[in-house]
Amino acid sequence: MDFSKLNGKIFFENKFIDSKKAKIHVLNHSLHFSSSVFDGIRVYNKKTLFLGEHLDRLYLSAKLMKLTINLKKRKLISTINKLIKLNKIKDGYIRPIIFRSSHSMSPETSNCKSIIAIAAWKWGTLFNVEKGITLMLSRYPRLNKSIFPIHAKSSGSYQVAVVSRVEARKKKFDDCLMLDIKGNVAESTACNIFWIKNSIIYTPKEHSILQGITRKAVIEICKRNRIKVNIGNFKLKTILNADHVFVTGTAAEIQTVRKIKNKNYKTNSKIINLIKDSYNEIKTKSPVSTSKI
Ligand SMILES: Cc1ncc(COP(=O)(O)O)c(C=O)c1O
């Protein structure tokens, strides 16, 4: 899909305008220096899922990347809800982005304005791979928060993800598994990762991953169902020895992994099915938000 041809309205510089008119100049700062932050929110049956949590992360991302969001959270929420109505979204996706204006062509940004845009579109399943996805090993590591503001969902942090995904597709894999700089399992290019060994779930600590909102929901689901979750630093060999693997993300939801490198996994897991069912239940019930809004 060519997103520049998206129909409907986009919220751009404090107005709802026709999507096709929501344009920026080629000398926009963020295009050249990746100085933007964004988030992605799912809409199920006309309602957002975990909106408060996503906006908390958007403000955190902006703070870490020294961008200002010139709207209060409450205004952002009402704007997003209005956009869903204007675009008649039943099941879809919301993409708020904060980026810098064209007032600099260097890392010096004191003259740049901070711009907000919010787009919304109808969207179904991301991978649509019933039988599970395949992951290659990325040649580049995920950085950690002492080297890079990894907890910001910033455009800059996706450069390695984009390169890794291109390489994965060339080699006929769906995506890449990324390790941290010490060789521990981190995440895939746009999802957090979990694996199961002897009915215990494992997932990496937060130092080198995006703090996923779906990851948090999955950990809660496991707690509620008395499934043990081990959060720690784990070498590649631990995931290669796992019984089952899955990835989580707002867009991907809960996606089974059937292969990492040349290791194949069984895809029929009772635990993954239970987590998928519980997540589907959350989607339909709109859970109580844990956001501080
Ligand atoms: C690098 C990365 N990790 C993990 C995730 C999953 O996060 P969430 O569950 O909040 O969508 C995403 C998606 O936003 C991502 O881009």
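The values are calculated or read from the model by the stated rules, or taken from the named source; none is laboratory data. Since the model is a prediction, treat every value here as computed from it, not as a measurement. As a convention, Cβ positions derive from the backbone with ideal geometry for all residues, glycine included, and neighbour counts pool all protein chains shown. Heavy atoms of the whole protein, side chains included, go into the accessibility calculation; ligands, DNA and RNA do not. Shrake-Rupley method; radii C 1.70, N 1.55, O 1.52, S 1.80 Å.
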message: Could you go through the stretch 238-245 and let me know if any residue there is without any contact (Cβ under 8 Å) to a residue 24 or more places away in the chain, in a helix (DSSP H, G or I) and in contact with a Lys or Arg (Cβ under 6 Å, 6 or more places away or on another chain).
response: yes
field: Condition check for Val185: in the same structural domain as Pro149 (by TED's automatic domain parsing), under 21 Å from Ala168 (Cβ atoms), more than 14 Å from the ligand (Cβ to nearest atom) and out of contact with any Lys or Arg (no Cβ under 7 Å at 6 or more places or on another chain)
entry: no
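Quick check on this structure: which one of Lys172, Lys182 is in a loop (DSSP other than H, G, I, E, B) and closer than 19 Å to Gln255 by Cβ?
Exactly one residue qualifies, and that residue is Lys172.
Could you grab me the full set of residues in the stretch 98-133 that are under 30 Å from Phe173 (Cα atoms) and crowded, with 19+ Cβ neighbours inside 10 Å?
Within the stretch 98-133, Ala119, Ala120, Gly132, Ile133 qualify.
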task: For the stretch 255-284, name all the residues that are part of a helix (DSSP H, G or I) and open to solvent by 10 Å² or more (accessible area, probe 1.4 Å).
output: Lys270, Ile271, Asn273, Leu274, Lys276, Asp277, Ser278, Asn280, Glu281, Ile282, Lys283, Thr284
task: Test Glu167 against the criterion of being open to solvent by 20 Å² or more (accessible area, probe 1.4 Å), over 14 Å from the mean Cα position of the chain (by Cα) and under 20 Å from Glu253 (Cα atoms), and give yes or no.
output: no
Residue check, Ala252 crowded, with 20+ Cβ neighbours inside 10 Å, within 14 Å of the ligand (Cβ to nearest atom) and modelled with pLDDT under 95: yes
- line: Across the stretch 1-15, the tally of residues that are buried (at least 16 other Cβ atoms within 10 Å of the Cβ) and in a strand (DSSP E or B) stands at 4
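Can you confirm whether Ser199 is touching a residue at least 60 places away in the same chain (Cβ under 8 Å) and away from the ligand (no atom under 16 Å from the Cβ)?
yes
Any idea which residue in the stretch 123-155 is nearest to Phe3 (Cα to Cα), counting only those that are outside any loop (DSSP other than H, G, I, E, B) and in contact with a helix residue (DSSP H, G or I) (Cβ under 8 Å, 6 or more places away or on another chain)?
My answer is Ser155.
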